[in-house]
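Heads up: the structure comes next, in structure tokens.
The values are calculated or read from the model by the stated rules, or taken from the named source; none is laboratory data. The model shown is predicted, which means the values in this text are computed figures rather than measured ones. So basically every Cβ, Gly included, is an ideal-geometry build from the backbone, and we count neighbours across all protein chains shown. Calculation scope for accessible area: heavy atoms of the full protein, side chains included, ligands and nucleic acids excluded. Shrake-Rupley method; radii C 1.70, N 1.55, O 1.52, S 1.80 Å.
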Amino acid sequence: MSQAAFPDIDIVPFVEQSSRAPLGFRHYRPEELIEGKAMKDHLRFASAYWHTMRNGLADPFGSATAQMPWDDGSDNISNCLRRADAFFEFVTKCRIERWCFHDRDIAPERATLRESNRDLDTVVAHCKTLQQSTGVRLLWGTACLFAHPRYVSGAGTSPRVEVFTHAAAQVKKALEVTHELGGEGYVFWGGREGYLSLINTDMKREREHLARFLHLACDYAKAIGFKGQFYIEPKPREPSVHQYDSDAAACLAFLSEFDLRAHFKLNIETNHATLAGHTVEHELALCRATGSFGSVDANSGTDHCGWDTDEFPTDHRLCTKMMLEILAAGGFTTGGLNFDAKRRRESFEPVDLFYAHVAGMDAFARGLKAAAAIRADGRIAEFVKNRYASWDGSLGKGIEQGRVNMQELEALALDQSAWHLESGRQEMLEHMQDGIV
Ligand code: XUL
Ligand code: CO
């Protein structure tokens, strides 16, 4: 490792809940058992290389503000390696055990794919050494198929076959390096897999091409023995006006239509869910209901703003709702909580990377403890179960199992005039939940 990038910062300490220390974990205790499992294994935190190391915090109206003394701003390989050193120093000091990357965050895009691949190999070899020396593991890798001008009209959905070809070759390499680094998963976020206007778009063809693109990736993963989990990350817009993977339901329909369902789970991002007009817990609940829960890009947005502001998730109530869904889904297997989040432009000092991640980690630790307490209490689950109790009788079971036809239902319904209905008690339950945590 080169000289320390964060010389004034030690490994983040654990402090009392009442502590006034500015930097310290008040709730996150990696080894503490919750429902019989260590907190760190429930939460499986990861840091996103693109935000932590590559986001200078520019916005559409102003230039980068982030201070990155370890980075000379060039795309020299030595700078890339120094940056990787800084990243692994950061995650280790922040007690984060996993990371995620795009190919072009860790190594530069060169004039040809051959040259880009060569430099990527150099950086990957270095990252492999850093993984070994720190014990930090790769949660997932992905390819950046949205930044280069060639992807202006999409990658797998580009109207130009040469662009599809290049994107496929780029994914091939990204799969190889993810495999090389022992990645537990691989994400497809269709950054520009959508359209800006229908006036120039053949939607039928673009969707079919996208499906073919994903099939090619599945086939290649199998060929090289990559057993990591494939994920689709839904997002409705930004940068496209409409993206084909707009929300969890659209992704699942797409995957089913093109015979891809068995190969994919979903990677749900909080701010993407809200952009889609849902809550993140809705998207997670749908994943649970359909057996497609995979991983989470943990962040949050400003509700009234309508942009993907990628804020750190610091609201423990939001994290409680998410952890309730995650625990109910059986918890993470290959997935984890990847902080796909950036500091505000005004939080430009290196130490702000620590404040931001620690705030997110503590909010989720608190959310995990609260969710476990709600589950241990059991009253809300019991209420929901009882609400559907009529379905446990012979009629309900008969309908559920497809043994009752319309004529039989009509015979039962024709003369019924009294209804046994029960209050949904939403406010009582919300108050009850608040009382538990
Ligand atoms: C963009 C986004 C991506 C994916 C990975 O909104 O979330 O960074 O997580 O490509
Ligand atoms: Co994301």
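One residue stands out in the range 287-307 among those that are at pLDDT 95 or above, over 20 Å from L214 (Cβ atoms) and not in a strand (DSSP E or B): the one that is nearest to ligand 2 (Cβ to nearest atom), namely N299.
Conditions tested, residue by residue: (1) touching a residue at least 60 places away in the same chain (Cβ under 8 Å); (2) within 16 Å of ligand 2 (Cβ to nearest atom); (3) surrounded by 12 or more Cβ atoms within 10 Å (Cβ to Cβ).
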site	(1), (2), (3)
H27	yes, no, yes
P30	yes, no, yes
A46	yes, yes, yes
R54	no, yes, yes
L57	yes, no, yes
A64	no, no, yes
G73	no, no, no
N79	no, no, yes
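Taking (1) touching a strand residue (DSSP E or B) at 6+ places or on another chain (Cβ under 8 Å); (2) within 30 Å of H126 (Cα to Cα); (3) surrounded by fewer than 20 Cβ atoms within 10 Å (Cβ to Cβ) in turn, M203 satisfies each apart from (2).
Any residue in the range 4-17 that is on the phi < 0 side of the Ramachandran plot, outside any loop (DSSP other than H, G, I, E, B) and touching an Asp or Glu at 6+ places or on another chain (Cβ under 8 Å)? No, the conditions are met nowhere in the range 4-17. Condition check: surrounded by fewer than 23 Cβ atoms within 10 Å (Cβ to Cβ), modelled with pLDDT of 95 or more and either within 16 Å of ligand 1 (Cβ to nearest atom) or under 21 Å from P30 (Cα atoms) (or both). Does R344 satisfy that? Against the criterion (surrounded by fewer than 23 Cβ atoms within 10 Å (Cβ to Cβ), modelled with pLDDT of 95 or more and either within 16 Å of ligand 1 (Cβ to nearest atom) or under 21 Å from P30 (Cα atoms) (or both)), R344 does not qualify.
In the range 141-152, the residue that is farthest from the chain's Cα centre (by Cα) out of those that are under 19 Å from E233 (Cα atoms) and open to solvent by 40 Å² or more (accessible area, probe 1.4 Å) is A147.
Restricted to the range 153-180, and to residues that are assigned to a loop (DSSP other than H, G, I, E, B) and in contact with a Phe, Trp or Tyr (Cβ under 6 Å, 6 or more places away or on another chain), which residue is surrounded by the fewest Cβ atoms within 10 Å (Cβ to Cβ)? For the range 153-180, the residue satisfying everything is S158.
Would you mind stating whether K321 is among the charged types (D, E, K, R) and part of a loop (DSSP other than H, G, I, E, B)? For K321, the condition - among the charged types (D, E, K, R) and part of a loop (DSSP other than H, G, I, E, B) - is not met. Counting just the residues of the range 245-261 that are away from ligand 1 (no atom under 16 Å from the Cβ) and touching a Leu at 6+ places or on another chain (Cβ under 9 Å), which one comes out most open to solvent (accessible area, probe 1.4 Å)? Ranking the qualifying residues of the range 245-261, first place goes to R261.
Quick check: is even one residue across the range 122-143 within 16 Å of ligand 1 (Cβ to nearest atom) and within 30 Å of D202 (Cβ to Cβ)? Checking the range 122-143: at least one residue is within 16 Å of ligand 1 (Cβ to nearest atom) and within 30 Å of D202 (Cβ to Cβ).
Scanning the range 293-321 for residues that are open to solvent by less than 10 Å² (accessible area, probe 1.4 Å) and within 16 Å of ligand 1 (Cβ to nearest atom), we see that the one that is farthest from D352 (Cα to Cα) is G294. With respect to the conditions (1) assigned to a loop (DSSP other than H, G, I, E, B); (2) within 16 Å of ligand 1 (Cβ to nearest atom), N338 lacks only one, and its number is (1).
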